[in-house]
Amino acid sequence: MSEKTVAVIVPVYNSESALIRCIDSVLGQTDPDLQLILLDDGSTDRSGELCDHAAQKDSRVKVIHKDNEGLLATWIRGVRETDAPYLCFLDSDDYLETEMLAAMKARLSGKKEIICCSYTIDREWNGTQEKKRHGAAPGEYVGADLEEKIKNRILGNEIRTVISSRCMKLFSRALIEENISYCDKRIPIGEDMVITTPAILDAERIVIMPDAYFYHYTFVRESMVHSYNPRLLENMRLLRDKLSRILTDKGIADADQMAKREYLFLFFQEMKNELRRTGENAKGAVKDIQKICLEERSDQLAALYPEKLTDPSYRLILWMMRRPSVLRIMVIRAVFLLQQGIK
């Protein structure tokens, strides 16, 4: 049984190169009132050994070694391994500023709540950083403000009102426990949305902290060009349906319309996935893109978002979706690959 206020849950899989930094960033927090749950998901490198070493040095560390089940099953196991009243999630490649938990705990009120900080992207190959924040303005949201400015705008926007990652947040554990049933192992990409969306919709209070770029997301060079995923469209369809169910269950008035608008942005990710096909995967890409656009009625999907999009790649894809001719697809694919630096 934990007597700590906050449990930091870290799924670990073959991350020995960054794991010590991650662990030290938690154990070095200015507020020591925490429990660190390290879940070794069947690592084949020295990650499990590093977890055990941390537990030997600090009694606040609890290590779980388990067979490989994937990220979703692993962080859910972490929730069940602690009874701390507040939960914080951290990926093992990432790290926290030392004052993060103290600053977030200072904002707690005892309600069912989520305290949100922002994050910094660390590009280690060139030493640059980029700060990312929530779409909602910093402040405390309760009552009508929470309903109108957060919950009724939670999905279907280019810039998310609240960033959908389970990380960079401090959750009342009830918000996680009561919504775990929505999690679905068939959705490996975008799976965080399936827990953060219902948690936000059930929250009695949400705080967006100002100028709080406490969470550091490590963007490794290999992540710049993601490999082609032939099952991504299926994943996005499942995610759309799950989000529609969540919105309906939680009483969002225009649930179906919001889910459709959100699917536009999920569809953008599928189009990027198809457009970046190279090598052997490039064969038939143009025809496949056209087929997907026609099947998904991309012209009607594009019409759901009349506002001007700020992301240049979204604007290109939207132009293609409105009339997915072979020529348009070929032009957009060439431009997209050039912009992405893919050969």
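The values are calculated or read from the model by the stated rules, or taken from the named source; none is laboratory data. Only a predicted model underlies this, so the values are computations on that prediction, with no experimental measurement involved. FYI the Cβ positions are ideal-geometry reconstructions off the backbone, even for glycines, and counts take in every protein chain you see.
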Exactly one of SER43, SER17, SER47, SER59 is in the same structural domain as TYR217 (by TED's automatic domain parsing), modelled with pLDDT under 95 and more than 21 Å from TYR213 (Cβ to Cβ), and that one is SER17
Only one of these is within 30 Å of ALA303 (Cβ to Cβ), in contact with a Gly (Cβ under 9 Å, 6 or more places away or on another chain) and in the same structural domain as ILE64 (by TED's automatic domain parsing): ASN157, ASN152. Name it. ASN157
Restricting the range 65-80 to residues that are touching a Leu at 6+ places or on another chain (Cβ under 7 Å) and not β-branched (Val, Ile, Thr), which is nearest to ASP52 (Cα to Cα)? LYS66
Subset of the range 51-71 [in contact with an Asp or Glu (Cβ under 9 Å, 6 or more places away or on another chain), more than 14 Å from SER92 (Cα to Cα) and assigned to a helix (DSSP H, G or I)]: ASP52
Name the pairs whose Cβ atoms lie under 6 Å apart, with the first residue in the range 148-159 and on the phi < 0 side of the Ramachandran plot, the second among the charged types (D, E, K, R) and assigned to a helix (DSSP H, G or I), and 6 or more positions between them or separate chains? LEU155/GLU262
Among (1) out of contact with any Phe, Trp or Tyr (no Cβ under 8 Å at 6 or more places or on another chain); (2) farther than 17 Å from THR196 by Cβ; (3) part of a strand (DSSP E or B); (4) of a type in the set (A, V, I, L, M, F, W, C), the one test that ALA144 misses: (3)
What number of residues within the range 28-50 satisfy the criterion of being of a type in the set (S, T, N, Q) and in a loop (DSSP other than H, G, I, E, B)? 4
Quickly run through the range 1-24 and pick out the residues that are part of a loop (DSSP other than H, G, I, E, B), within 17 Å of GLU81 (Cβ to Cβ) and not hydrophobic (A, V, I, L, M, F, W, C). SER2, GLU3, LYS4, THR5, TYR13
Out of curiosity, is GLN35 surrounded by fewer than 16 Cβ atoms within 10 Å (Cβ to Cβ) and either modelled with pLDDT of 95 or more or not assigned by TED's automatic domain parsing to the domain that holds ILE163 (or both)? no
Can you confirm whether GLU295 is under 20 Å from the mean Cα position of the chain (by Cα) and either in the same structural domain as ARG237 (by TED's automatic domain parsing) or closer than 30 Å to GLU147 by Cα (or both)? no
Single residue of the range 185-239 satisfying the filter (at pLDDT 95 or above and of a type in the set (Gly, Ala, Ser)) that is surrounded by the most Cβ atoms within 10 Å (Cβ to Cβ): ALA199
Among the numbered criteria (1) part of a helix (DSSP H, G or I); (2) basic (Lys, Arg); (3) in contact (Cβ under 8 Å) with a residue 24 or more places away in the chain; (4) over 30 Å from LEU146 (Cβ atoms), which one does ARG261 miss? (4)
May I ask you to list the residues in the range 95-145 that are of a type in the set (Gly, Ala, Ser) and either touching a helix residue (DSSP H, G or I) at 6+ places or on another chain (Cβ under 9 Å) or at positive phi (or both)? GLY110, GLY127, GLY135, ALA136, ALA137, GLY139, GLY143
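One line per residue, one yes/no per condition, for (1) in a strand (DSSP E or B); (2) touching a Lys or Arg at 6+ places or on another chain (Cβ under 8 Å); (3) modelled with pLDDT under 95:
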| residue | (1), (2), (3) |
| --- | --- |
| VAL26 | no, no, no |
| ARG77 | no, yes, no |
| ALA84 | no, yes, no |
| ASP91 | no, no, no |
| THR98 | no, no, no |
| MET104 | no, no, no |
| ILE114 | yes, yes, no |
| ASP122 | yes, no, yes |
Please give the number of the condition ASP256 fails out of (1) buried (at least 17 other Cβ atoms within 10 Å of the Cβ); (2) within 24 Å of VAL194 (Cβ to Cβ). (1)
Return only the number of the condition from (1) of a type in the set (D, E, K, R); (2) closer than 19 Å to GLY190 by Cβ; (3) within 23 Å of the chain's Cα centre (by Cα) that ARG315 does not satisfy. (2)
Only residues that are more than 17 Å from ASP31 (Cβ to Cβ) and over 15 Å from the mean Cα position of the chain (by Cα): list them for the range 83-108, please. ASP83
Please find, among THR248, THR218, the residue that is in the same structural domain as GLY110 (by TED's automatic domain parsing) and either under 18 Å from the mean Cα position of the chain (by Cα) or more than 30 Å from THR278 (Cα to Cα) (or both). THR218
